[in-house]
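The values are calculated or read from the model by the stated rules, or taken from the named source; none is laboratory data. For clarity, every value in this text was computed on a predicted model and none was experimentally measured. Cβ placement follows ideal geometry from the backbone for every residue including glycine, while neighbour counts extend to all protein chains displayed.
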């Protein structure tokens, strides 16, 4: 059973401390949602776990399947089964979705067996076709340059497609719901459902409750000022939808620290 | 310092530091007096000019002072040039389906042209054999050559370029299958020269692929001087693909003139991978109304290579169009120069010119200079240009590595994507493959 364990994580961007002691544990098959207002460190947590060079870990730890995550380069974290769906996927002009995904699949195969000659073209084509059908994507999508000129919805769908092809064990979805209309949201949510069926652990970063109407979380956490200040079940999200974040702010100010 | 004061920098050349020139005495023994005259005139011009130095605008960024020209020797036919063409040419870049192939070495040629090509009246022949069989054609082509009076090395190619090819396509003759030639110049410390002539009569069309190459071995430099002259007649169309994969001991001076007449068009692909030093001057001139010229260049330099590409788009008639895109990547301690100019003459109303140069610098010691230029002498035109020198975007690397690709794979994919717009313009899988392999090789050794 894959498990991601984050303990008292402190992270800086430059001189500024963004995460001030985050503790969280995610097991395969669970769906965790992290909610909270903008600028509280949700995306920082996602980027740090994946190893973006702009974020410095100043304290705490993260282990994944028993490995010290921060001692591994980004590509090894990915091959170990960690996935980050980007809030702002990066365009790679001139590189088609198919070529990119085949290179990514082959990198995985090669890491397991250095003599691997790569996935046979036909096998890959079938795999891609199947996943795209599942996500109701037009086959021509595979021939477009990755995220280059994609609409917001197309970018998010491409992220889910990558997840479906690479089959991670723990997936972090950073605001994957933002900028999606209802139809696109449904498709993305269906994609997540399929991952859940395959026993993937999901960390859903969002500040909208509406995503959680489609993807029911097992745990909901509220993040504020670099800490998780409140944790609960799915009903916590509904409570937030109704009452906003002010009651949590008040709780903190009254000295009842919701952390832990 | 007062406002009026200024400092004059003047590089003085110490005595005894005069640049050496070639130390050869060629003998011209052509039986055709026209050819004889052409070569002698070119040689006289060569002798009258000194080796270019950085005081000349076009040579400011390409310094020849480290090259001892007196060491280059004329190759002798008796020397063993029968070295087999490398296996790489077994699979010609234009593909197995072609109208004809000519393999050239400095004193030898192997020709294989399809009968249907000859039946159409197309001449695809080495200059050597033409001088004997079709002197009038040679005269027609040579009389066109208007040497740049300041270009020393194109004069050298004119004088010594015994080896070479003529492609002549008669009026309204169209050939679908590509024709290709390969110049394989083995040896060290030698002087190689080559002339290529392409002449398309009105309404004709053809595809021609030429590759220049040599073994990537040898420590002493060899010199290659080439002159390429192309005429695309009225309403004719030429696909021209040029690829140089010189060994890294070659100093390469190539001078190219492509003229497109009324309603004609050229689609010109230019790839540069090899040589120690290259100065390549290409002039693309739209000489007749409605002429169109498209030029797509790519280069990838490594080690201490220095590639200098000087391009000129001349709009000399109304309603002419030109479109130039050069893309390059650099690694190690290599250097590239691209200097481009769009010239629009007073007669060229409604000219539409575009030029762009994009560079991707992959190491901290590589350097790319990119200098666009416009010279427009009429009002009713549209000209745009752009030049960029950039590095690999770290956010792209992070994104790709987050999908499990090692950094090396991620960088290679980004570089391939960078060149993709140029690859799209290349009609031959073989050329694309050759370039993709070069990208891979050059990026691989950089890491080690």
Can you tell me which of A:232, A:255, A:226, A:191 is under 22 Å from the mean Cα position of the chain (by Cα) and modelled with pLDDT under 85?
A:191
Quick check on segment A:138-150. Is at least one of its residues surrounded by 21 or more Cβ atoms within 10 Å (Cβ to Cβ) and in contact with a helix residue (DSSP H, G or I) (Cβ under 6 Å, 6 or more places away or on another chain)?
yes
Checking the conditions here, which among A:27, A:87 is at pLDDT below 95, within 17 Å of the chain's Cα centre (by Cα) and more than 14 Å from chain B (Cβ to nearest Cβ)?
A:27
Considering only residues of segment A:48-68 that are within 14 Å of chain B (Cβ to nearest Cβ) and free of Cβ contacts under 8 Å to residues at least 60 places away in the same chain, which is surrounded by the fewest Cβ atoms within 10 Å (Cβ to Cβ)?
A:53
Of (1) farther than 24 Å from residue B:113 by Cα; (2) in contact with a helix residue (DSSP H, G or I) (Cβ under 8 Å, 6 or more places away or on another chain); (3) part of a strand (DSSP E or B), residue B:220 fails just (3)
Out of (1) within 14 Å of another protein chain (Cβ to nearest Cβ); (2) under 24 Å from residue B:271 (Cα atoms); (3) out of contact with any helix residue (DSSP H, G or I) (no Cβ under 7 Å at 6 or more places or on another chain), what's the single condition that is false for residue B:361?
(1)
How many residues are touching a residue at least 60 places away in the same chain (Cβ under 8 Å) and surrounded by fewer than 22 Cβ atoms within 10 Å (Cβ to Cβ) when one looks only at segment B:295-307?
2
Residue A:16 fails exactly one of (1) on the phi < 0 side of the Ramachandran plot; (2) more than 15 Å from the chain's Cα centre (by Cα); (3) facing another protein chain (nearest Cβ under 10 Å); (4) surrounded by fewer than 22 Cβ atoms within 10 Å (Cβ to Cβ), namely (3)
So residue B:391, is it more than 9 Å from chain A (Cβ to nearest Cβ), without any contact (Cβ under 8 Å) to a residue 24 or more places away in the chain and surrounded by fewer than 17 Cβ atoms within 10 Å (Cβ to Cβ):
no
Do we find a residue being within 19 Å of the chain's Cα centre (by Cα), away from chain B (no Cβ under 14 Å) and either within 18 Å of residue A:43 (Cβ to Cβ) or free of Cβ contacts under 8 Å to residues at least 60 places away in the same chain (or both) anywhere in segment A:156-166?
yes
Of B:419, B:435, which residue is away from chain A (no Cβ under 11 Å), under 30 Å from residue B:97 (Cβ atoms) and either surrounded by fewer than 18 Cβ atoms within 10 Å (Cβ to Cβ) or touching a helix residue (DSSP H, G or I) at 6+ places or on another chain (Cβ under 9 Å) (or both)?
B:435
Quick one: in segment B:311-338, of everything that is touching a helix residue (DSSP H, G or I) at 6+ places or on another chain (Cβ under 7 Å) and buried (at least 21 other Cβ atoms within 10 Å of the Cβ), which residue is farthest from residue B:373 (Cα to Cα)?
B:331
Of residues in segment B:403-413 being part of a helix (DSSP H, G or I) and surrounded by 22 or more Cβ atoms within 10 Å (Cβ to Cβ), the one farthest from the other protein chains (Cβ to nearest Cβ):
B:410
Tell me the residue from A:48, A:63, A:40, A:44 that is assigned to a strand (DSSP E or B) and in contact with a strand residue (DSSP E or B) (Cβ under 7 Å, 6 or more places away or on another chain), please.
A:63
Among what's in segment A:90-100 and is in a helix (DSSP H, G or I) and facing another protein chain (nearest Cβ under 8 Å), pick the residue that is surrounded by the fewest Cβ atoms within 10 Å (Cβ to Cβ).
A:99
Looking at segment A:78-87, is at least one residue over 21 Å from residue A:175 (Cα atoms), out of contact with any helix residue (DSSP H, G or I) (no Cβ under 7 Å at 6 or more places or on another chain) and in the same structural domain as residue A:130 (by TED's automatic domain parsing)?
no
